[in-house]
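Reviewing the structure listed below.
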Protein chains: 2
Amino acid sequence: MRILLVGAHGTLGRAIAEQLAPRHELITAGRSSGDLRLDLTDFASVQQALRDAGPLDAVIAAAGNLHFAPLADFTPEQYGIGLADKLMGQVHLVLAGQHLLRDGGSFTLTSGILTEEPIRNGSSASMVNSAVEGYARAAAIELPRGLRINVVSPNVLVESLPSYGPFFAGFEAVPAARVAQAYVRSVEGAQTGRVYRVH
Amino acid sequence: MRILLVGAHGTLGRAIAEQLAPRHELITAGRSSGDLRLDLTDFASVQQALRDAGPLDAVIAAAGNLHFAPLADFTPEQYGIGLADKLMGQVHLVLAGQHLLRDGGSFTLTSGILTEEPIRNGSSASMVNSAVEGYARAAAIELPRGLRINVVSPNVLVESLPSYGPFFAGFEAVPAARVAQAYVRSVEGAQTGRVYRVH
């Protein structure tokens, strides 16, 4: 398969690439590195990157920013960061890709454990991750030509504990390599509308 | 209690008012009618309405617009309608209200059955309803002074079948009066972080 991997140079993206590269053709994309450059928040940029990628069988999104802050201090604009980037960035990939992917192709998006298990400062993450999952459940029933869509919901990564550990006290961190398996399951499997929780 | 009811003149809002009015002081708010006028998409307007309402023990949101369209035709701007109105409108109420409600007060927001049960044309609704539920789960653990937050997720209303029926083929519509009970349970009960599904 020809697979576009967005966020290929992040911790998770590298682990996904390691699993898929031996048997697929990977095209990497990112804001500042990769075969293709794209700004997820800009629909035109996403459309251009997908056209430049050529024929694709799968799009994987392992990217997406959002803001962390105490609920008492959160501003509407700070919620807007996650809505524009991690939520609409992934939606942009689906909106553009639904017209471009080969028949039977797939989208695999990324949410996170905060959908169900909130933490302090994480109200934007819980909002956005929940939205990504709801969107994928809905898109799954409308995608044409056998296109599929799934979401991977990772726990905090072992590799991210040095930076995010204090926010995730008591969470059982999972290795990025284990989370990467869920992306493989989505791309190479046949399911759609699923959320793979690697918690 | 003193309760601010946003969207009081909608089908659901009227049913909620009927249940609560006999034993509480209701202040109604809406875009074009009610004791107070507010534009949910405008944070300053929401802040002003909450200040004008005076001391409050509860805020109920039974309002929120979003766009319905086939996934193939959806534009980012059309998703923006639901994000700005039904999602951020309700978030605006929480952001402003967390500093103004009396100790032990509550927020009751509205999502909908499309969180779990998608329909054609409903990808924005599934996205936004899921986001509202995830947000409330997260806000619940950070709200101060015993403030609570819950979400009511209604099925399609019996009263709405004339206009929305064709979209909800095979859904068991529920009377607005039954859904209104869930708002009463949220306001007069003691739970927080819950989604009351009236499906």
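The values are calculated or read from the model by the stated rules, or taken from the named source; none is laboratory data. None of the values given here were measured: they were computed from a predicted structure. When we count neighbours, we look across all protein chains shown, and the Cβ atoms used for this are built from the backbone with ideal geometry, even at glycine.
Structure summary
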quantity	calculated
Test set (1) in contact with a strand residue (DSSP E or B) (Cβ under 7 Å, 6 or more places away or on another chain); (2) within 14 Å of chain A (Cβ to nearest Cβ); (3) among the β-branched types (Val, Ile, Thr) - B:Val179 fails condition number	(2)
Given (1) in contact (Cβ under 8 Å) with a residue 24 or more places away in the chain; (2) part of a helix (DSSP H, G or I); (3) more than 9 Å from chain B (Cβ to nearest Cβ), number of the condition A:Val128 does not satisfy	(3)
Output for the stretch A:70-95, where each listed residue is hydrophobic (A, V, I, L, M, F, W, C) and more than 10 Å from every other protein chain (Cβ to nearest Cβ)	A:Ile81, A:Leu93
Test: residue in the stretch A:76-87 that is part of a helix (DSSP H, G or I), farther than 22 Å from B:Gly193 by Cα and small (Gly, Ala, Ser)	yes
Exclusive hit being in a loop (DSSP other than H, G, I, E, B), closer than 21 Å to B:Gly105 by Cβ and either in contact with a helix residue (DSSP H, G or I) (Cβ under 8 Å, 6 or more places away or on another chain) or at pLDDT 95 or above (or both), set B:Ala63, B:Ala72, B:Ala29, B:Ala49	B:Ala63
Matching option when the condition is hydrophobic (A, V, I, L, M, F, W, C), more than 13 Å from chain A (Cβ to nearest Cβ) and touching a Ser or Thr at 6+ places or on another chain (Cβ under 6 Å), among B:Leu38, B:Leu50	B:Leu38
Residue check, B:Thr75 among the polar types (S, T, N, Q) and crowded, with 23+ Cβ neighbours inside 10 Å	no
Tabulated pairs, the stretch A:135-155, first at the interface with another protein chain (Cβ under 7 Å from one of its Cβ atoms) and without any contact (Cβ under 8 Å) to a residue 24 or more places away in the chain, second surrounded by fewer than 23 Cβ atoms within 10 Å (Cβ to Cβ) and basic (Lys, Arg), C-beta under 8 angstrom, 6+ apart or interchain	A:Glu142/B:Arg120
Test set (1) farther than 26 Å from A:Glu133 by Cβ; (2) charged (D, E, K, R); (3) free of Cβ contacts under 8 Å to residues at least 60 places away in the same chain - B:Asp73 fails condition number	(1)
Every residue from the stretch A:14-23 that is crowded, with 18+ Cβ neighbours inside 10 Å and free of Cβ contacts under 8 Å to residues at least 40 places away in the same chain	A:Ala17
The stretch A:100-119, residues that are among the aliphatic types (A, V, I, L, M) and either touching a Pro at 6+ places or on another chain (Cβ under 9 Å) or facing another protein chain (nearest Cβ under 9 Å) (or both)	A:Leu100, A:Leu101, A:Ile113, A:Leu114, A:Ile119
Filter result (in contact (Cβ under 8 Å) with a residue 24 or more places away in the chain and surrounded by fewer than 19 Cβ atoms within 10 Å (Cβ to Cβ)) within the stretch A:54-66	A:Gly54, A:Pro55, A:Asp57
Failed criterion for A:Pro166 (all others in (1) buried (at least 20 other Cβ atoms within 10 Å of the Cβ); (2) closer than 25 Å to A:Phe74 by Cβ hold)	(1)
Selection from the stretch A:166-199 of residues that are among the aliphatic types (A, V, I, L, M) and under 30 Å from A:Pro144 (Cβ atoms)	A:Val179, A:Ala180, A:Ala182, A:Val184, A:Val187, A:Ala190, A:Val195, A:Val198
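Quick grid of which residues meet (1) crowded, with 19+ Cβ neighbours inside 10 Å; (2) away from chain A (no Cβ under 14 Å); (3) closer than 19 Å to A:Thr115 by Cβ:
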position: B:Ser123; (1), (2), (3): yes, no, yes
position: B:Val132; (1), (2), (3): yes, no, yes
position: B:Leu157; (1), (2), (3): yes, yes, no
position: B:Glu172; (1), (2), (3): no, yes, no
position: B:Ser186; (1), (2), (3): yes, yes, no
position: B:Thr192; (1), (2), (3): yes, no, yes
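Matching residues to (1) within 13 Å of the chain's Cα centre (by Cα); (2) over 27 Å from A:Tyr79 (Cα atoms):
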{"site": "B:Ala8", "(1), (2)": "yes, no"}
{"site": "B:Glu18", "(1), (2)": "no, yes"}
{"site": "B:Arg23", "(1), (2)": "no, yes"}
{"site": "B:Leu26", "(1), (2)": "no, yes"}
{"site": "B:Ser33", "(1), (2)": "no, yes"}
{"site": "B:Leu40", "(1), (2)": "yes, no"}
{"site": "B:Phe43", "(1), (2)": "no, no"}
{"site": "B:Val46", "(1), (2)": "no, no"}
